[in-house]
Amino acid sequence: MKRAIWALALCLLLAPACASEGEPPAEAAPTPSTPCLPPSCVEIVVDGFDYVFNPAEITTRAGTVRFVLRNLGKKVHNLKIQGGAVETRTPNLAPGAVGFVDVTLEPRRYDIYCSIPGHAERGMRGTLIVTR
């Protein structure tokens, strides 16, 4: 019995390693140092669930875009944007956390997905279309 209590206590102390085996731990989600104000910046809020983004299909104009990811799932998630010379992501967010990434986008199609192993394959992906 004492062994089980010690094992549980150790797991609670090392919660990120015990809670989501095989997944990276959550990262700090800093708050933006500058506001995202139109017309120079567009803010897009994406909700991340286990294992889907809402919305999964996004259209916006070229320029500076702030993606805000709200992790509404029970696992650690992020939002990665990739296409052309762009490859950036939000921090890995704990359940209930909110994080952001600012990126300057050219007109083209981009892939968005959760880069945590296995999440995109389970459906956590989408498309970003950037117009002029």
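Observations, loosely collected:
- Of residues in the range 73-88 being touching a Gly at 6+ places or on another chain (Cβ under 7 Å) and in a loop (DSSP other than H, G, I, E, B), the one surrounded by the fewest Cβ atoms within 10 Å (Cβ to Cβ): Gly73
- Number of the exception - Pro91 against (1) part of a strand (DSSP E or B); (2) in contact (Cβ under 8 Å) with a residue 24 or more places away in the chain; (3) within 11 Å of the chain's Cα centre (by Cα): (1)
- Residue ranges of strands (runs of 3 or more DSSP E) in the range 22-72 with at least 3 members within 11 Å of the chain's Cα centre (by Cα), touching a residue at least 12 places away in the same chain (Cβ under 8 Å) and under 19 Å from Cys114 (Cα atoms): 41-49, 63-71
- Residue within the range 119-127 that is surrounded by 17 or more Cβ atoms within 10 Å (Cβ to Cβ), outside any strand (DSSP E or B) and without any contact (Cβ under 8 Å) to a residue 60 or more places away in the chain present: yes
- When Tyr110 is tested against the conditions (1) under 15 Å from Asn54 (Cβ atoms); (2) of a type outside the set (Val, Ile, Thr); (3) outside any loop (DSSP other than H, G, I, E, B), the lone failure is (1).
- Lone qualifier among Ala120, Ala94, Ala28, Ala56 - being out of contact with any Asp or Glu (no Cβ under 7 Å at 6 or more places or on another chain), modelled with pLDDT under 95 and aliphatic (A, V, I, L, M): Ala28
The values are calculated or read from the model by the stated rules, or taken from the named source; none is laboratory data. Model, not experiment: these values are computed from the prediction. Note: ideal-geometry Cβ built from the backbone for every residue, glycine included; neighbour counts use all protein chains shown.
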